[in-house]
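Visitor: If you scroll down you'll find the structure; I have some questions about it.
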Amino acid sequence: MDNIVDIKEQIRERTEAVERILRAYLPDDKVLSSDVVRAMNYSVNAGGKRLRPMLMSETYKLFGGNKTVIEPFMAAIEMIHTYSLVHDDLPAMDNDEYRRGKKTTWAQYGEAVAILAGDGLLNYAFETALKAFSCEGADVQRVAGALSILADKAGINGMIGGQDADIAAEHSDKALTLSQLLYIHEHKTAALIQASMMIGAVLAGADDRAVSVIERAAYEIGIAFQIQDDILDVTSTFEELGKPIGSDEKNNKVTYVTLKGIDEASREQKELSNHAIGLLEAFGEQGFHNAFLTDLVKSLITRLK
Ligand code: GRG
């Protein structure tokens with residue numbers, strides 16, 4: 001019981017730390033006063049678990065990172081994640097009116113402003129990440145490597161590619177196979193989690209072999225995270241999730257749950273998470289430890305939102 005309270009408290013403290021960093025890097029809507037900038041800030045400040053920046057910073061610490069160079073990248077990954085949600089909620093995509101317990105950006109500001117706010121956040125993410133070059137003690141090669149991972153995993157070979165495959169599947173009259181579903185989850189969901197953890201590792205100076213183990217662990221965490229998302233869409237409530245449940249069924253979506261049933265989906269989710277935890281703990285043999293990181297991944301297995 002004490003452990004659960006403790007991890008919740010540690011997550012709360014780290015969430016606040018991420019939010020302080022976000023506030024420092026978001027554009028000032030009093031200086032650049034426009035609906036688009038206000039909508040960008042509204043979307044990021046609407047809340048959210050801040051999981052990606054947290055995983056990034058904790059992977060950075062795992063490999064001994066302790067400088068501020070990680071901070072612009074933590075803000076950048078949350079901006080990219082938020083832009084994807086802003087665009088995903090649009091009438092042309094999922095047509096959702098609530099997220100994180102608040103009106104979605106298009107429902108609050110109108111479609112045109114929401115499209116631009118998403119574009120603005122994507123661009124601003126790279127403007128922000130580029131600031132890492134001027135952080136004290138920044139290693140130019142590591143920052144360049146991190147930027148390249150960010151661009152690749154968010155782009156057509158990553159998250160956008162996954163969204164594209166998802167939309168193509170929705171428009172197809174053929175039944176979606178498990179391997180097609182895994183392709184969508186790998187790109188749409190796991191790619192940003194991989195970017196987060198790989199960037200943390202690269203900026204801390206981890207070697208190529210370690211970065212590829214992190215890429216694998218983050219893949220498993222990403223797929224497990226998405227399976228839990230599919231489960232919660234069936235089992236949770238509007239109050240808990242901050243958005244309507246049952247949206248997969250409403251949109252006739254094939255998910256891990258519809259293909260395998262809740263029990264099997266839940267079993268595989270745990271198996272993937274535990275394997276990823278094993279990969280992370282094995283770094284202990286090389287002297288790299290971060291107990292909070294493994295506890296954070298464990299907490300995702302039973303997450304309720
Ligand atoms: C529009 C280019 C483009 C991409 C959209 C991310 C995405 C792709 C769509 C959002 C819908 C969805 C189910 C995505 C899968 C990833 C996921 C579970 C996102 C929600 O992430 P959380 O739970 O959200 O971390 P919070 O609100 O906590 O930040």
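Visitor: So, in region 42-84, of the ones that are within 16 Å of the ligand (Cβ to nearest atom) and touching a Gly at 6+ places or on another chain (Cβ under 6 Å), which residue ends up most open to solvent (accessible area, probe 1.4 Å)?
Guide: Residues of region 42-84 within 16 Å of the ligand (Cβ to nearest atom): 42-58, 74-84.
Those still in the list that are touching a Gly at 6+ places or on another chain (Cβ under 6 Å) too: 56, 83.
Values: 56: 0, 83: 20 Å².
My answer is 83.
Visitor: Here is a further query. Which residues, counting only those in region 85-111, are surrounded by 18 or more Cβ atoms within 10 Å (Cβ to Cβ), closer than 16 Å to residue 247 by Cα and either more than 12 Å from the ligand (Cβ to nearest atom) or β-branched (Val, Ile, Thr) (or both)?
Guide: 104, the sole residue that qualifies.
Visitor: If I ask for residues that are among the aliphatic types (A, V, I, L, M) and open to solvent by 20 Å² or more (accessible area, probe 1.4 Å), which ones from region 29-41 would you list?
Guide: Result: 31, 32, 36.
Visitor: Among the residues of region 271-305, how many are open to solvent by less than 90 Å² (accessible area, probe 1.4 Å) and not aliphatic (A, V, I, L, M)?
Guide: Step one: list which residues in region 271-305 are open to solvent by less than 90 Å² (accessible area, probe 1.4 Å), which gives 272-274, 276-280, 282-284, 287-288, 290-297, 299-301, 303.
Now restrict to residues that are not aliphatic (A, V, I, L, M): 273-274, 278, 283-284, 287-288, 290, 292, 294-295, 299, 303.
Matching residues across region 271-305 total 13.
Visitor: I'd like the full set of residues that are open to solvent by less than 20 Å² (accessible area, probe 1.4 Å), within 27 Å of residue 65 (Cα to Cα) and touching a residue at least 12 places away in the same chain (Cβ under 8 Å), limited to region 139-179.
Guide: Here is the first cut: in region 139-179, the ones open to solvent by less than 20 Å² (accessible area, probe 1.4 Å) are 143, 146, 150, 154-155, 158-159, 161-162, 166.
Next cut, within 27 Å of residue 65 (Cα to Cα) only: 143, 146, 150, 154-155, 158-159.
Across region 139-179, the qualifying residues are 143, 146, 150, 154, 158, 159.
Visitor: Assuming residue 15 fulfils every condition listed in (1) within 15 Å of the ligand (Cβ to nearest atom); (2) of a type in the set (Ser, Thr, Tyr); (3) open to solvent by 70 Å² or more (accessible area, probe 1.4 Å) apart from one, which condition is it?
Guide: Unmet for residue 15, out of (1) within 15 Å of the ligand (Cβ to nearest atom); (2) of a type in the set (Ser, Thr, Tyr); (3) open to solvent by 70 Å² or more (accessible area, probe 1.4 Å): (3).
Visitor: Looking only at residues in region 205-264 that are outside any helix (DSSP H, G or I) and open to solvent by 60 Å² or more (accessible area, probe 1.4 Å), which one is farthest from residue 139 (Cα to Cα)?
Guide: As a first pass, look at region 205-264 and keep what is outside any helix (DSSP H, G or I): 205-207, 236-237, 242-246, 251-255, 261.
Pick out the ones that are also open to solvent by 60 Å² or more (accessible area, probe 1.4 Å) and you get 207, 237, 245, 252.
Working: 207: 14, 237: 46, 245: 45, 252: 48 Å.
That would be 252.
The values are calculated or read from the model by the stated rules, or taken from the named source; none is laboratory data. Values in this document were obtained by computation on a predicted structure and should not be read as measured data. Note that we place each Cβ from the backbone using ideal geometry, even for glycine, and neighbour counts take in every protein chain shown. Each accessible area value is taken on the protein alone, full model and side chains, heavy atoms only, with ligands, DNA and RNA left out. Shrake-Rupley method; radii C 1.70, N 1.55, O 1.52, S 1.80 Å.
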